[in-house]
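Undergrad: Just passing along the structure, written as structure tokens.
The values are calculated or read from the model by the stated rules, or taken from the named source; none is laboratory data. Because the structure is a prediction, the values reported are computed rather than measured. Cβ coordinates were reconstructed from backbone atoms using ideal geometry, including for glycine residues, and neighbour counts include every protein chain displayed.
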């Protein structure tokens, strides 16, 4: 690789093998409509919390599917569950249940901290 | 004195259930908080006790509330409960007067005909024999209805029948067996001695023609006793536990104890008082429209009683409160459900997740101990979830306007409200024009009280800084949380109430538009906050108000409810379509509502236009310049500060 002058920037590295996907599996099982997300960004555009921070459900979904649970842990608490994204989602993703499931599952995982 | 062996099952069952009930009540009493204990003690020597006796008679015996909902069902419950009660009371009196001695043990009264089979002598005794037969016939008529209802629930006017567990069914069969076996046992014994009333005597005379009375009597006395004993022994594990517990519940309620914020004794007593009658199931839109029949209060209570995992059940509810309105036991079903949502995850929930995904760690025992209370904070590094919110106070004014998240999705409502303020010449401050924050109600509905409190504190600061005396909101969800959970001291008004007050005080003059409208009661405004009349007053002022089939206390949920976290779009769509169809069937040309969420949910499902009450009011302005079509042209963000 180095011969071509390319290096991997650590910050941009997404290591699917190293990341923990158990959380995404739990959420996918409890809220299958997550699979419908087309990442259009309507949720982020209307988000109440997004008006104050960079919070967006689209980004939550992204880090959830990548298994970046540490980012998720930081971000997830910002949601106010107001439900505007559910109203606007063109695919009918039950967005609030994703947030709720992630929060509750993180509580369980952190409680165990294995 | 003859001691018969067959009284044993009955006596064992009776003493078991008596000891169980007393022990249970003592435990519940011990768990009560100190003020509640005092309330109960005061209630015992005060009016509450008399009130309770009256209520127990009207509800637990006569089942007046079920009568109101459904007379056939009411008769069925009344005949079994009141009939059995009369049978016990008059049986005891009969045994006391005509038995060998006074103050008999219970089995002497229950098996009176066995101990006293001789023909009645004297008018009083003949009357008692007649009375006991009459009561038995009364019970049997109800029992017949119950059996028919079990197999054909439509006859009793129920669209959906409750599913019961195996233990419940065994108890049900033993309950059904009690009275027919008593009838047959008494008939055979009467036939043997040529005694008995119009029912037992005649039936005995017929039966004796085909069967030997002497040999048949004892087996049926055994069956009678075994049915009673089985029923009593199974009682604590079945829904029939409501029979004794409901008495305690009524007394607690009359003493002033209410379903509290934390899972306390009262909600536990309430959960055990649920009779699984299925009336909530038959009022639930999730069941009627969408066919979701596993999350209604009766099933939630059952799952809690049997300490199963309830997460999926507790969060799968619109929280519309129709079941609470109709519950014959008067259980605060939404409050009980809220407590379950607020509970930290139980061991069962965690096991459920462990089983599926982390079997290894669980099996080797490497996992840490489950913390008994609370978990590590997940709300980020700062400790609070919403520390990113910046508190920038707005303009000061007498009237504060808080639109809420959902109203920002329906800008026409905001524009209509702004033109109403302008028309009435009211100076106001718009709390959340830009960068608004949620009111906190959705987080509360998710059981995340701590996070909700942060938002409440944030908004309280902004509202407090505005120095307003009146807070107006067009969103019932915000209205409910403002009036219940904000300690702001100012007057909170839903915009329909505010418009009504403007009309009454003469600040807003409106003309009659003549269009026909039907008012949709939003759940949080109607059942949630008890606001029914003000929006109707406003509408009567400007339009012809049509009546809907289901309105006021039994108003329908639009299906968009923020209370439900689990149901997806399909379930909601079916609820919305049914609710919209009922509103359209009123014959009105417009659906009026006072909730931006309802408006947004109904609009795609309704054949007729759905308008917010504020929009209809702007149509009724005398001055054309301020009417909504002009307001429509203005950008929503236009500042009207003078």
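Undergrad: Away from chain A (no Cβ under 14 Å) and more than 16 Å from the chain's Cα centre (by Cα): does that describe residue B:291?
TA: yes
Undergrad: Quick check on this structure: which one of B:311, B:316 is touching a helix residue (DSSP H, G or I) at 6+ places or on another chain (Cβ under 6 Å) and within 14 Å of another protein chain (Cβ to nearest Cβ)?
TA: One residue alone meets the criteria, B:311.
Undergrad: For segment A:93-114, which positions are more than 7 Å from every other protein chain (Cβ to nearest Cβ) and either at pLDDT 90 or above or under 19 Å from residue B:313 (Cα atoms) (or both)?
TA: Of everything in segment A:93-114, those that are more than 7 Å from every other protein chain (Cβ to nearest Cβ) and either at pLDDT 90 or above or under 19 Å from residue B:313 (Cα atoms) (or both) turn out to be A:93, A:95, A:98, A:99, A:101, A:102.
Undergrad: Can you tell me how many residues in segment A:10-52 are under 30 Å from residue B:408 (Cα atoms) and in a loop (DSSP other than H, G, I, E, B)?
TA: 9
Undergrad: Let me ask something else about it. Which of the residues belonging to segment A:67-92 are facing chain B (nearest Cβ under 7 Å), touching a helix residue (DSSP H, G or I) at 6+ places or on another chain (Cβ under 7 Å) and assigned to a helix (DSSP H, G or I)?
TA: A:73, A:84, A:87
Undergrad: Which of the residues belonging to segment B:518-567 are on the phi > 0 side of the Ramachandran plot and surrounded by 23 or more Cβ atoms within 10 Å (Cβ to Cβ)?
TA: Scanning segment B:518-567 gives a single hit, B:559.
Undergrad: Picking from B:137, B:217, which residue would you name as being farther than 25 Å from residue B:280 by Cα and out of contact with any helix residue (DSSP H, G or I) (no Cβ under 8 Å at 6 or more places or on another chain)?
TA: Result of the check over B:137, B:217: B:137.
Undergrad: Looking at (1) within 11 Å of chain A (Cβ to nearest Cβ); (2) closer than 19 Å to residue B:612 by Cβ; (3) out of contact with any helix residue (DSSP H, G or I) (no Cβ under 6 Å at 6 or more places or on another chain), can you tell me which one residue B:421 breaks?
TA: Going through (1) within 11 Å of chain A (Cβ to nearest Cβ); (2) closer than 19 Å to residue B:612 by Cβ; (3) out of contact with any helix residue (DSSP H, G or I) (no Cβ under 6 Å at 6 or more places or on another chain) one by one, residue B:421 breaks only (1).
Undergrad: Scan segment B:592-607 for residues that are within 14 Å of chain A (Cβ to nearest Cβ) and surrounded by fewer than 24 Cβ atoms within 10 Å (Cβ to Cβ) and jot them down.
TA: B:600, B:603, B:604, B:605
Undergrad: Can you find a residue in segment B:578-591 that is out of contact with any strand residue (DSSP E or B) (no Cβ under 7 Å at 6 or more places or on another chain), at pLDDT 95 or above and closer than 17 Å to residue B:477 by Cβ?
TA: no
Undergrad: Suppose we keep only residues that are touching a residue at least 60 places away in the same chain (Cβ under 8 Å) and surrounded by fewer than 23 Cβ atoms within 10 Å (Cβ to Cβ) within segment B:221-234. Which one would you say is farthest from residue B:22 (Cα to Cα)?
TA: Result: B:222.
Undergrad: So how many residues does segment A:50-66 have that are within 12 Å of chain B (Cβ to nearest Cβ), crowded, with 20+ Cβ neighbours inside 10 Å and over 15 Å from residue A:88 (Cα atoms)?
TA: Total meeting the criteria: 1.
Undergrad: Would you check which residues across segment B:7-41 are free of Cβ contacts under 8 Å to residues at least 60 places away in the same chain and over 20 Å from residue B:52 (Cα atoms) and list them?
TA: Hits for segment B:7-41 are B:15, B:18, B:19, B:23, B:27, B:30, B:34.
Undergrad: So, one more: Mind checking which residues of segment B:568-591 are under 20 Å from the mean Cα position of the chain (by Cα) and surrounded by fewer than 24 Cβ atoms within 10 Å (Cβ to Cβ)?
TA: none
Undergrad: So residue B:342 fits all but one of (1) on the phi < 0 side of the Ramachandran plot; (2) more than 7 Å from chain A (Cβ to nearest Cβ); (3) crowded, with 16+ Cβ neighbours inside 10 Å; (4) at pLDDT 85 or above; what number is the exception?
TA: All conditions pass for residue B:342, except number (4).
Undergrad: Next question. For segment B:429-445: of the residues being surrounded by 22 or more Cβ atoms within 10 Å (Cβ to Cβ) and not in a helix (DSSP H, G or I), which is nearest to the other protein chains (Cβ to nearest Cβ)?
TA: Filtering segment B:429-445 for residues that are surrounded by 22 or more Cβ atoms within 10 Å (Cβ to Cβ) and not in a helix (DSSP H, G or I), the one nearest to the other protein chains (Cβ to nearest Cβ) comes out as B:438.
Undergrad: Please find, among B:514, B:489, the residue that is touching a strand residue (DSSP E or B) at 6+ places or on another chain (Cβ under 9 Å), surrounded by fewer than 17 Cβ atoms within 10 Å (Cβ to Cβ), at pLDDT below 95 and at positive phi.
TA: Criteria check complete, one pass: B:514.
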